[in-house]
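Report on one structure; see the data block that follows.
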């Protein structure tokens, strides 16, 4: 393919587990610096779509492109490993359950991959860790183990860990869903800061207010298809589809 | 009674030596077995599973006999000590394979995903993230395997290795004092097992995350 | 010397008889170890201190020493005090007691994990402590403990090979007899291993069946 591709481009993404089709022919493109939110009920396929972007959940059909390179190439095992690790170094991911490495301190969590994959010296790595942890407000806890941190603090370290690889794109998979309500804001605050720096982000979330305030575009997914998409000002206030309206209404009731 | 002590002490030392060598070979076989069972190659997975199933599905005593008495027929000539260490080591390895494999697969899937999304290769992930965590989970169950293996060295009495049980059996026969001989050998086994258990517990505390 | 499996058919009767003995000894010892395990567990948990503590020491001693040594003790020790049991009876007792101790450990843990409220509920109905244990607590504990006891029974099958050393004509000793006549250790030990393996697979199959049934009734 030689045609001009967008920064992130998903073409005809299809994914099934056995007979269950979770993604049905989804196409999506994201420009550099854009922030895209994906909303939808559980089982709508929104996490699967996000996890297809770095091939964590490989698609069964369709293509994912990042910055002109196809992510999900069919290669021999050895070549695929090399290729995908190269790609994944450029894509940061933040998980619902943090997935910090429990046997490493915050510093070690942040520096392990850069040291290993980019050959940073200990001094360079330490500087990087201080920089990234400072950015998420966790510098004071740099030598704490994950078990000594609250959920919100863990998630901030996890974000710093992803940022330390200097990714071109950040994926957030329900980053605040597992947090106690009072801890959500500290993580949202960090994500807002990233938005101000024009980091390209794709955010799967169930927090409508947050999506409305930071996203340039919001997608509503249901049963494996993108039902509706648009700027949050339109999608949240004036949805055209009944399914979207239904979802937003239920969600609003739940929030009250 | 006094006359038998030196023989029992010597035999106890041989039991210790046998246990150490068997444990080392067992751990090696266990690590290889676990690697095979977790391999992405179906043939290796099958071989690993067959090793575990056959060794765990047949008596260690028979395995020793095949090796020691049957070995010469297929050109493997081992003395009783060598056959004992190899036979018991390979046997313990099958149990340790399952212990090690269990500890590896029990690491949360999220740990693998997080490693892979950072761009780590399979090996880097294993070495930096999975193994350091599963090593902590392994110490205790491997301790149980080692405890069983120490007691299994008694089987070598059946191929005339002069370890503790053989010595006890010999003096039960000649002194007709089975309870005394049993107690003497028993106490020595208990000491070996107690010391090993303390060692394992110490190691277990040492590797835990603060 | 090479291998020659053609000698096997002539001795197949002996081997099959050995299999029958191995199965018989395993079943008898399993029953003994199961009943013994329950009795031992109750003693270890509920007997008066003077009985309980020495008993626990005895359990500890049994778990810390090899089965083979225990078999020697029972076989030769009973002769010394004037009880001359046939070897197979001594073997069954030895295997049964050894595994009873291991089963007892499992059952103790299971009894302790049965909800306290169960005992209290039984007592408020007017049952005595012993009745409550027998009718309410122990049956629940036994159910929880059947899967791990199944593993012990499979271990028992394999350890039953050890009674060949005190002269019980089970599978291992039968193989040795055939070897004595033919000088073909590899062939006959391999055959014995195959027999053990088949019995082992059968036991695993039964174990899975039982586990499935229990998981329904819980």
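Highest GNM mean-square fluctuation among A:236, A:17, A:98, for chain A modelled with Cα contacts below 10 Å: A:17. Calculated [222 nm] ellipticity per residue, helices only, for chain C: -27500 deg cm²/dmol; basis is -39500 (n - 2.57) per DSSP H run with n ≥ 4, divided by all residues, nearest 500.
With coordinates expressed along the principal axes, the C-alpha atoms belonging to the protein assembly as shown extend over 97, 73, 51 Å, beginning with the largest.
In this simple spin-label approximation, residue C:194 and residue A:69 carry label points 7 Å from Cα along the Cα→Cβ vector, and these lie 5.6 nm apart. Between residue A:14 and residue A:253, the simple spin-label model (points 7 angstrom out along Cα→Cβ) gives 3.6 nm.
Taking every DSSP bridge with both residues inside the protein assembly as shown, close to 55 percent are antiparallel.
Computed from the Cβ-Cβ distance with R0 of 30 Å, the FRET efficiency linking residue C:52 to residue C:124 stands at 0.65.
Applying 1/(1 + (r/R0)^6) with R0 = 22 Å to the Cβ-Cβ distance of residue B:131 and residue B:205 gives a FRET efficiency near 0.70. Comparing B:23, B:49, B:92 in a Gaussian network model of chain B, where Cα atoms under 10 Å apart are tied by springs, the biggest mean-square fluctuation is seen for B:49. Against the main long axis of the alpha-carbon atoms of chain C, helix C:185-217 sits at an angle near 20°. Gyration tensor over the Cα atoms of the range A:161-255: the corresponding equivalent ellipsoid has semi-axes (square roots of 5 times the eigenvalues, largest first) of 24, 16, 12 Å. Counting only alpha carbon atoms, the long axis of helix B:178-207 and the longest principal axis of chain B meet at about 20°.
From helices alone, chain B scores -25500 deg cm²/dmol at 222 nm; the rule is -39500 (n - 2.57) for each run of n ≥ 4 DSSP H residues, then divide by the residue total. Label zone of residue C:79 (point 7 Å out along Cα→Cβ, amide N under 19 Å): in the range C:169-185 this covers C:169-170, C:173.
Mind checking Rg over Rh on chain A, alpha carbons, Kirkwood formula for Rh?
On the way: Rg = 18.4 Å, Rh = 19.0 Å.
For chain A, the value is 0.97.
Normalising the Debye intensity of chain B to I(0), with uniform scatterers on Cα atoms only, and taking log10 at q = 0.08, 0.15, 0.19 Å⁻¹ returns -0.35, -0.99, -1.31. Out of every Cα-Cα pair that chain C contains, those further apart than 28 angstrom amount to 41 percent.
From the alpha carbon centroid of the range A:1-50 to that of the range B:30-63 is 42 Å.
Placing a pseudo-label 7 Å from each Cα along the Cα-to-Cβ vector at residue A:134 and residue C:8 gives an inter-label distance of 7.6 nm.
Using 0.36 nm per residue and subtracting the Cα-Cα separation, the extra length available between residue B:160 and residue B:7 on full extension is 53.6 nm.
The long axis of helix B:131-152 is offset from the longest Cα principal axis of chain B by roughly 20 degrees. Springs join every pair of Cα atoms under 10 Å in this Gaussian network model of chain C, and among C:83, C:199, C:38 the largest mean-square fluctuation is at C:83.
With a Förster radius of 56 Å applied to the C-beta separation of residue A:82 and residue C:45, the computed FRET efficiency comes to 0.40.
Read-outs: derived from the displayed coordinates by stated rules, not from any lab. This one's a predicted model, so the numbers in the text were calculated from it and none came from an experiment. Please note: Cβ atoms are built from the backbone with ideal geometry, for glycine as well, and neighbour counts cover all protein chains shown.
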